[in-house]
Amino acid sequence: MLIAIPEVLNATQVDACREIMDQAEWVDGTVTAGIQSGQVKKNAQIIEGSTESKLLGDIILDALAINQTFISAALPQKIFPPLFNRYAGGQHFGSHVDNSIRAVKGTPVRIRTDLSATLFLSSPEEYEGGELVIEGNYGAQEIKLNKGDMVLYPSTSLHHVRPVTRGTRVCSFFWMQSMIRDSGQRELLYDFDQSIQELSAEKGVDNPLAVKFSGLYHNLIRRWADC
Ligand code: NI
């Protein structure tokens, strides 16, 4: 399942990120790529663990911590510190699947990548090309979102970024381990939660059926989650 989450960051937060990005030091993007993906990756990245990277990452992680759609869809257990990339002058990232396990630099923390995220920090008018193309059961989907919006997709998916033929595309990207390892169970919980929200909005949060379904939702999480 692929979920686009609008306005993870508001315009002020995006502007703040862009200012910090302008101060940062950029390196070749192959530094965090695996052997296969390193051969098809042509972009630039902010140095992992740098002051700017941490400042930017905190803005995003603070926003995600209060984003109900994100929490419901990802049920995150561990989130990799966000990374930042830049494509310009025809740069692209060929077809690949993200590494299954990511170690957080300088820590003993390792994350199983259940979900991948791309948060757009350029508006679509700023560049030509640069679509994130994700292959799924229903064919390939092209993603190019407004600045501040984020797409969440299964890390098991083959994906690529089309060449940026005009302007510059900057994004944040990162991975997370979900409390619910199985994607089928996770998607079912998301649909269930969305349905409970709709029922509560229509009939009130204290509606007996909404209360009962909410209990069932949490009992399923208790059964399936690692935390
Ligand atoms: Ni990737």
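Would you mind stating whether L9 is part of a helix (DSSP H, G or I) and closer than 28 Å to L75 by Cα? Please lay out each step first, then the result.
Values: part of a helix (DSSP H, G or I): no; closer than 28 Å to L75 by Cα: yes.
Taking the combined requirement at face value, the residue does not satisfy it.
Tell me, please, whether a residue that is within 16 Å of the ligand (Cβ to nearest atom) and among the polar types (S, T, N, Q) can be found in segment 53-70.
No, that holds for no residue.
Test T156 against the criterion of being within 16 Å of the ligand (Cβ to nearest atom) and in a loop (DSSP other than H, G, I, E, B), and give yes or no.
Numbers: within 16 Å of the ligand (Cβ to nearest atom): yes; in a loop (DSSP other than H, G, I, E, B): yes.
Yes.
If you check I180, I134, which single one turns out to be buried (at least 17 other Cβ atoms within 10 Å of the Cβ) and either acidic (D, E) or assigned to a loop (DSSP other than H, G, I, E, B) (or both)? It would help to see each step written out before you state the result.
Details: I134 fails: either acidic (D, E) or assigned to a loop (DSSP other than H, G, I, E, B) (or both).
Criteria check complete, one pass: I180.
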Test: residue in segment 84-92 that is in contact with a helix residue (DSSP H, G or I) (Cβ under 9 Å, 6 or more places away or on another chain), under 22 Å from S178 (Cα atoms) and surrounded by fewer than 21 Cβ atoms within 10 Å (Cβ to Cβ): no
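Anything in segment 28-44 that is assigned to a strand (DSSP E or B) and either loosely packed, with under 14 Cβ neighbours inside 10 Å or within 12 Å of the ligand (Cβ to nearest atom) (or both)? List them, or say none.
Within segment 28-44, D28, K41 qualify.
The rows are residues; the columns are (1) in the same structural domain as Q91 (by TED's automatic domain parsing); (2) without any contact (Cβ under 8 Å) to a residue 12 or more places away in the chain.
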position: D149; (1), (2): yes, no
position: L152; (1), (2): yes, no
position: S155; (1), (2): yes, no
position: V164; (1), (2): yes, no
position: S172; (1), (2): yes, no
position: D191; (1), (2): no, yes
position: S195; (1), (2): no, no
Lone unmet requirement of (1) touching a strand residue (DSSP E or B) at 6+ places or on another chain (Cβ under 9 Å); (2) away from the ligand (no atom under 16 Å from the Cβ) for Y138: (1)
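Residues are listed down the side, and each one gets a yes or a no for (1) in contact (Cβ under 8 Å) with a residue 12 or more places away in the chain; (2) within 12 Å of the ligand (Cβ to nearest atom); (3) part of a loop (DSSP other than H, G, I, E, B):
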site: A73; (1), (2), (3): yes, no, no
site: K78; (1), (2), (3): yes, no, no
site: N85; (1), (2), (3): yes, yes, no
site: G94; (1), (2), (3): yes, yes, no
site: N99; (1), (2), (3): yes, yes, yes
site: P108; (1), (2), (3): no, no, yes
All positions within segment 19-55 that are over 23 Å from G89 (Cβ atoms), of a type in the set (A, V, I, L, M) and modelled with pLDDT of 95 or more: L55
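The values are calculated or read from the model by the stated rules, or taken from the named source; none is laboratory data. Note that the structure is predicted; figures quoted are calculated from it, not measured. Heads up, the Cβs are rebuilt from the backbone with ideal geometry, glycines too, and the neighbour counts pull from every protein chain shown.
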